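Have a look at the structure below before the remarks.
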Amino acid sequence: MNRREFLLAAAGAAAASTLSFSGRLFAAPASSPRFLLVFLRGGYDCNNLLVPCGSDFYYASRPSLAIAKPDPNSPDSAVALDADWGLSPVVRDSLYPLWQKKQLAFIPFAGTSDLSRSHFETQDHIERGAATDGAGNYRSGFLARLSGVLTGVPAIAFTNNLPLSFQGAGHDIPNISLKGDPKSHFDERQAAILSGMYKGTALAQASADGLALPKTVSVDLRDEMVAASRGAPSAHNFAEETRRIAALMRDQYRLGFVDVGGWDTHVNQGSTKGGLANNLKNLGEGLVAYADALGPTWNDTTVVVLSEFGRTFRENGDKGTDHGHGTVHWVLGGKVAGGRLAGEQLAVNAQNLLQNRDYQVLNDYRDVLGGLFARLWGLSPGQLQTVFPQVRPKDLRLV
């Protein structure tokens, strides 16, 4: 491993869990499953992404926010998926082609049993993956427990701080933000992991160089991403990050986590224009950039996009939406059984709202992820209970 290769590895993950003491890169089998969880922090409005365009109640409830019914003559109308549902036109060029290739599925009426409608409580509830009764270790995340039952599946969080999802693993899981921030640097925990790993080895000096030259690392990563883009300009923000993530998930890691903020839309949410539309557009472009950057390994990749909760079905007086309950999860990947809405569903009308305000949760995220993990890694019932205590895995045959 030469100095540049080491710097790139260091920039990606603080190197601790994927490099042995001899300095050789841990090599997971090339065709082993890759899983990335994308957490939308803030509670995104799923109704203006997966549009219930067959529901008159939707249009009555959202006089300023509703997206028009599919109309081939209107670029601002929903893209028809079936007779009842459409897709926001802001992801027509990104997510819709994946849907057409059956590499994208949506799970409406999904979420958690938590009814606090608190961002922090519900995010923690989901990341812990604890039993419905709330019992369990409050500093143990479900991805950490998943990492513990898997063998040869190196994990990483693409975040500034180790998220709760990956805490309590009993072994070091590296984390680093790849948002392209020129001020980004290794924190003390990451630096200690990296330095300790190479102390007394032939790569000790290289590790010191890597920690001392974050700007050089950033330039090296940018150069690699430009080359991988084949001259095409990068998408705004999230696409830059996902290309960096892909460079690491392709060769080194198999289990990843990244979060995206900015989804709390109480005021002036907008419809096909505005803050939510911009966020969805950037998110869609980022996921497509991730798939493109992975190349053939996209066929061994599964991505799940979720949020702590949905928004109120009716718009509020400030032309926004408030904290809700049920939401829509996304599942993407080269071998995802997509082009469909999966899981249990209800008609979208006033009678079927929870507490006369929100989508119900018919597809608990623990059960859905439990069924998905069982298919991806062949987990036994006992292993699933370790990851999600008291889980009742729901196999939606997503892969």
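The values are calculated or read from the model by the stated rules, or taken from the named source; none is laboratory data. Note that this is a predicted model, so its numbers are computed, not measured. Cβ placement follows ideal geometry from the backbone for every residue including glycine, while neighbour counts extend to all protein chains displayed.
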Among 355, 383, the single one that is at positive phi, in contact with a Leu (Cβ under 9 Å, 6 or more places away or on another chain) and surrounded by fewer than 21 Cβ atoms within 10 Å (Cβ to Cβ) is 355
Of the residues in the range 343-373 that are hydrophobic (A, V, I, L, M, F, W, C) and under 19 Å from the mean Cα position of the chain (by Cα), the one that is farthest from residue 105 (Cα to Cα) is 373
Quick check, is residue 113 surrounded by fewer than 21 Cβ atoms within 10 Å (Cβ to Cβ), of a type in the set (Gly, Ala, Ser) and within 30 Å of residue 144 (Cβ to Cβ)?
yes
With the first residue restricted to the range 276-287 and required to be more than 18 Å from residue 99 (Cβ to Cβ) and buried (at least 23 other Cβ atoms within 10 Å of the Cβ), and the second required to be modelled with pLDDT of 95 or more and charged (D, E, K, R), Cβ contacts under 9 Å at 6 or more apart or on different chains are 276/45
The condition of being surrounded by 15 or more Cβ atoms within 10 Å (Cβ to Cβ), assigned to a loop (DSSP other than H, G, I, E, B), at pLDDT below 95 and not acidic (Asp, Glu) holds, among 10, 15, only for 15
With the first residue restricted to the range 100-123 and required to be touching a residue at least 40 places away in the same chain (Cβ under 8 Å), and the second required to be among the charged types (D, E, K, R) and buried (at least 23 other Cβ atoms within 10 Å of the Cβ), Cβ contacts under 7 Å at 6 or more apart or on different chains are 119/308; 122/308; 123/308
Residue hits (the range 336-372; charged (D, E, K, R) and within 12 Å of residue 99 (Cα to Cα)) are 340
Exercise for the section: Test residue 318 against the stated conditions and say whether it is farther than 23 Å from residue 164 by Cα, in contact (Cβ under 8 Å) with a residue 24 or more places away in the chain and of a type in the set (D, E, K, R). Expected result: yes
Worksheet entry | Flag for residue 250 being in contact (Cβ under 8 Å) with a residue 12 or more places away in the chain, over 25 Å from residue 79 (Cα atoms), surrounded by fewer than 22 Cβ atoms within 10 Å (Cβ to Cβ) and in contact with a helix residue (DSSP H, G or I) (Cβ under 6 Å, 6 or more places away or on another chain) | yes
Taking first residues from the range 39-62 that are assigned to a helix (DSSP H, G or I) and second residues anywhere that are basic (Lys, Arg), the pairs with Cβ under 9 Å that are 6 or more apart or on different chains are 46/311; 47/62; 47/311; 48/62; 48/311; 59/69; 60/314; 61/314
For helices (runs of 4 or more DSSP H) lying entirely in the range 80-198, having 2 or more residues that are among the charged types (D, E, K, R), under 29 Å from residue 384 (Cα atoms) and at pLDDT 90 or above picks out 119-128
